[in-house]
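The values are calculated or read from the model by the stated rules, or taken from the named source; none is laboratory data. The structure presented is a predicted model; accordingly, all values stated were derived computationally and were not measured. Here the Cβ is made from the backbone with ideal geometry for all residues, glycine too, and neighbour counts use every protein chain on show. Surface areas here come from the heavy atoms of the whole protein model, side chains and all, with no ligands, DNA or RNA. Shrake-Rupley method; radii C 1.70, N 1.55, O 1.52, S 1.80 Å.
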Amino acid sequence: RAKQQGRDTYHVFDTGFDREIQAREAHRQRFAVALAQGELTLHYQPQVDMFGGEIIGTEALVRWQHPEQGMLAPGHFLPVIEGTALEIELGEWVIEAALRQLLAWREQGIELAVHVNISPAHLLSGRFVERLEWLLNRYPEVPSKLLKLEVLESAAMHDIQSAMATMRRCQALGIDFAIDDFGTGYSSLTHLRQLPVDLIKIDQSFVRDMLTDPDDMAIVESVIYMANRFRRPMLAEGVETLAHARALLALGCARVQGYGIARPMPAERFPGWLQEWPGRHEWSALAMHLTG
Ligand code: C2E
Ligand code: MG
Ligand code: MG
Ligand code: MG
């Protein structure tokens, strides 16, 4: 009887578990089709320097234009492909799509850096630098300094020796790095000095609550202080209001990215947005108000 019950229990669990595995597998297969059939696209979000109000770059963020489910954010598909070959295929697709966009903008007279997010497994995959070099060679008209790679702090820290070696080889190709979601990894501050990164991106979770949560404010302050001491440029992500921007500027961080400036948008909308930007004085004049 007990044995029987045990078997039944196991059986029920097994079916549920199987179903979940099958659903993930179906989701992965559907994603592979999306990748092959051109259902993926990149949206672009501007990055601003409040001193002078210039646009200093854009971040490319992947979207899946699902025919039935609409526009899907990466949170809906990155977790299912993590650890599979698709993760690397997507990563290479994103780099190539960004290079294609850089070329198209260049032909329209727009020269702006594009930041691309690189997953940890992709960066450490062993063929990353060779494939990157191959892609760069396919777009010889695009200056490599316009392509910037964003690497998560946690990825860089996970295997710091390999990450550093790979990053240095990319730098030799003229590619700069930004460290993403800074403040969320471990031993951040001690390793900051060693990492070959040209931009530190303060994680949006700290920025969002900095005006109401003293702990988050303390983290933001320390990161800005350390970055300034190490003379590393930094940018705050997730800036939704002018109050955030003002506080960041007062602490010494002039570069910002967030919904307050613009939500990520399709590439076609970007040139029009750029033309309208100088009219948005409230952001570009901030620095002048503070410095008198
Ligand atoms: P991330 O690189 O830290 O990108 C910032 C995320 O915050 C984006 O979400 C962006 O839309 C969102 N965001 C920007 N400004 C604001 C704001 O003011 N408030 C709030 N609440 N959110 C803001 P998204 O596009 O959903 O991407 C989420 C994450 O997915 C990214 O975080 C990045 O880690 C990853 N990701 C996006 N595109 C790619 C890609 O092409 N490849 C890889 N490997 N990862 C990607
Ligand atoms: Mg990023
Ligand atoms: Mg981030
Ligand atoms: Mg993030």
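Of Ala254, Ala250, Ala236, all but one fail to be within 16 Å of ligand 1 (Cβ to nearest atom) and not polar (S, T, N, Q); the exception is Ala236.
Residue count for the range 249-260, restricted to those that are within 20 Å of the chain's Cα centre (by Cα) and either among the small types (Gly, Ala, Ser) or surrounded by fewer than 18 Cβ atoms within 10 Å (Cβ to Cβ) (or both): 4. Of the strands (runs of 3 or more DSSP E) lying entirely inside the range 50-133, the ones with 3 or more residues being free of Cβ contacts under 8 Å to residues at least 12 places away in the same chain are found at 70-72.
Number of residues in the range 233-254 that are within 16 Å of ligand 3 (Cβ to nearest atom) and assigned to a loop (DSSP other than H, G, I, E, B) equals 6.
Scanning the range 255-270 for residues being within 22 Å of Glu150 (Cα to Cα) and either free of Cβ contacts under 8 Å to residues at least 60 places away in the same chain or in a loop (DSSP other than H, G, I, E, B) (or both) gives a total of 8.
The residues on offer are Ile200, Ile219, and the sole one that is open to solvent by 50 Å² or more (accessible area, probe 1.4 Å) and touching a helix residue (DSSP H, G or I) at 6+ places or on another chain (Cβ under 8 Å) is Ile219. Spot the failing condition for Ala163; the list is (1) crowded, with 20+ Cβ neighbours inside 10 Å; (2) within 26 Å of Glu111 (Cβ to Cβ); (3) more than 16 Å from ligand 3 (Cβ to nearest atom); (4) not acidic (Asp, Glu), and only one is missed. The failed condition is (2).
Working only within the range 166-197, note down all residues that are in a loop (DSSP other than H, G, I, E, B), within 26 Å of Glu133 (Cα to Cα) and either within 12 Å of ligand 3 (Cβ to nearest atom) or open to solvent by less than 60 Å² (accessible area, probe 1.4 Å) (or both). Reasoning before the result, please.
Here is the first cut: in the range 166-197, the residues in a loop (DSSP other than H, G, I, E, B) are 173-175, 183-187, 193-197.
Remaining after also requiring within 26 Å of Glu133 (Cα to Cα): 173-175, 194-197.
Those that are in a loop (DSSP other than H, G, I, E, B), within 26 Å of Glu133 (Cα to Cα) and either within 12 Å of ligand 3 (Cβ to nearest atom) or open to solvent by less than 60 Å² (accessible area, probe 1.4 Å) (or both): Leu173, Gly174, Ile175, Leu195, Pro196, Val197.
From the list Arg263, Arg232, Arg246, Arg269, the lone residue that is open to solvent by 20 Å² or more (accessible area, probe 1.4 Å) and within 16 Å of Ile56 (Cβ to Cβ) is Arg232.
Answer yes if at least one residue in the range 142-158 is within 14 Å of ligand 2 (Cβ to nearest atom), within 30 Å of Glu39 (Cα to Cα) and assigned to a loop (DSSP other than H, G, I, E, B), and no otherwise. Scanning the range 142-158, I find no residue that is within 14 Å of ligand 2 (Cβ to nearest atom), within 30 Å of Glu39 (Cα to Cα) and assigned to a loop (DSSP other than H, G, I, E, B), so the answer is no.
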